[in-house]
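The values are calculated or read from the model by the stated rules, or taken from the named source; none is laboratory data. Every value quoted in this text rests on a predicted model; they were computed, and no experiment measured them. Counting neighbours? That spans all protein chains shown, and the Cβs are built from the backbone with ideal geometry, glycine included. For accessibility, only protein heavy atoms count, side chains too; no ligands or nucleic acids. Shrake-Rupley method; radii C 1.70, N 1.55, O 1.52, S 1.80 Å.
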Amino acid sequence: MEADSTGGNMGEKADVEMTENPFEPYIESLRQQLEDQDPVFLIGVIVALAVVVITCVFLKYFLTSKTVRSAVLLVGLCDSGKTLLFSRLLSGKFKRTQTSITDSSAPYKAKNDKGSTWTLIDLPGHDSLRPQYLEKFKSAARAIVFVVDSAIFQKEVRDVAEFLYVLLTDSVISRNAPALLVACNKQDITMAKSAKLIQQQLEKELNTLRVTRSAALSSQDGSVGGNLYLGKKGKDFEFSQLPVKVEFLECSARGSKGEEGDADIQSLEKSLAKL
């Protein structure tokens with residue numbers, strides 16, 4: 001009885017071993033074949049597989065980034081003329097507007113031979129609404145049109161610079177690097193500042209903001225990590241230092257002839273045609 005029992009146990013163990021390792025003969029055979037191969041051949045196979053994987057990942061990233069970012073965002077402070085500019089770009093017509101509390105969007109066909117079409121999106125300018133709408137659309141931005149009221153720029157320079165600072169230090173915007181077009185609007189008004197002057201004053205204001213913001217972050221946690229540094233360290237700030245292409249241009253959504261005339265937005269349309 002004991003012999004039968006012992007024999008039965010050994011049979012069960014063998015069955016368990018066979019059940020646990022059903023692929024062992026195949027694995028052993030494959031291992032033997034790999035050992036018999038030329039090492040140079042094996043390295044070539046591994047390199048080829050790595051190239052295929054890297055290529056697939058790159059293509060997925062490249063194609064996704066090209067198809068997603070097709071929006072042109074109109075941003076700026078309240079009453080800078082964004083909504084009228086939105087209407088003029090789409091239809092060429094004058095339209096009486098009021099302060100926006102939500103976004104508006106429509107297809108915009110660029111004036112170029114390629115017939116490029118972007119989604120033009122007008123974002124609210126109120127400081128309590130800007131962050132949520134910017135967060136919603138920033139990853140889709142191919143270009144950002146930052147609209148400035150040139151007629152009262154001197155009074156709003158600090159607020160304009162602070163909003164611009166938020167845009168330029170945003171990690172998503174910095175990574176995607178959409179074109180930034182600073183549209184110095186309301187040039188039909190006599191007291192309007194030129195695009196060159198606005199650029200120079202914004203560079204000075206952003207340089208000051210960079211110092212105060214960096215100091216504030218350092219005092220909070222002992223470092224400035226987590227926020228992008230604007231421009232180049234050790235040098236006064238200039239827009240040319242940014243990874244984002246920045247262009248200043250002059251325009252008038254209202255136009256010199258008022259409601260009945262055409263808008264003066266040719267320079268903006270030309271820049272949008274180059275996207």
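Structure values in brief
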read-out	value
Count of residues meeting criterion [touching a Leu at 6+ places or on another chain (Cβ under 8 Å) and either open to solvent by 60 Å² or more (accessible area, probe 1.4 Å) or modelled with pLDDT under 95 (or both)] in the range 174-197	1
Where a residue in the range 163-186 is closer than 26 Å to T212 by Cβ and its partner, wherever it lies, is assigned to a strand (DSSP E or B) and among the small types (G, A, S), with Cβ under 8 Å and at least six apart	F163/G76; I173/A141; L180/A143
Residue under evaluation D122, criteria (1) over 22 Å from F163 (Cα atoms); (2) modelled with pLDDT of 95 or more, criterion not met	(1)
Number of the condition not met by Q37 [criteria: (1) over 25 Å from K274 (Cα atoms); (2) at pLDDT 75 or above; (3) open to solvent by less than 100 Å² (accessible area, probe 1.4 Å)]	(2)
Flag if E156 is touching a residue at least 40 places away in the same chain (Cβ under 8 Å), loosely packed, with under 15 Cβ neighbours inside 10 Å and either assigned to a helix (DSSP H, G or I) or small (G, A, S) (or both)	no
Residue in the range 198-207 that is farthest from A273 (Cα to Cα), counting only those that are in contact with a helix residue (DSSP H, G or I) (Cβ under 8 Å, 6 or more places away or on another chain) and open to solvent by 10 Å² or more (accessible area, probe 1.4 Å)	E205
Selection status of G226, within 19 Å of the chain's Cα centre (by Cα), loosely packed, with under 15 Cβ neighbours inside 10 Å and modelled with pLDDT under 90	yes
Within the range 164-173, tally of residues that are surrounded by fewer than 22 Cβ atoms within 10 Å (Cβ to Cβ), in contact with a helix residue (DSSP H, G or I) (Cβ under 7 Å, 6 or more places away or on another chain) and under 17 Å from C78 (Cβ atoms)	1
The range 105-123: number of residues that are open to solvent by less than 50 Å² (accessible area, probe 1.4 Å) and free of Cβ contacts under 8 Å to residues at least 40 places away in the same chain	2
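Residue-by-condition table, conditions (1) basic (K, R); (2) out of contact with any strand residue (DSSP E or B) (no Cβ under 8 Å at 6 or more places or on another chain); (3) surrounded by 20 or more Cβ atoms within 10 Å (Cβ to Cβ); (4) on the phi < 0 side of the Ramachandran plot:
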residue	(1), (2), (3), (4)
V72	no, no, yes, yes
D79	no, no, no, no
K82	yes, no, yes, yes
I101	no, yes, no, yes
D127	no, yes, no, yes
K136	yes, yes, no, yes
V145	no, no, yes, yes
S150	no, no, yes, yes
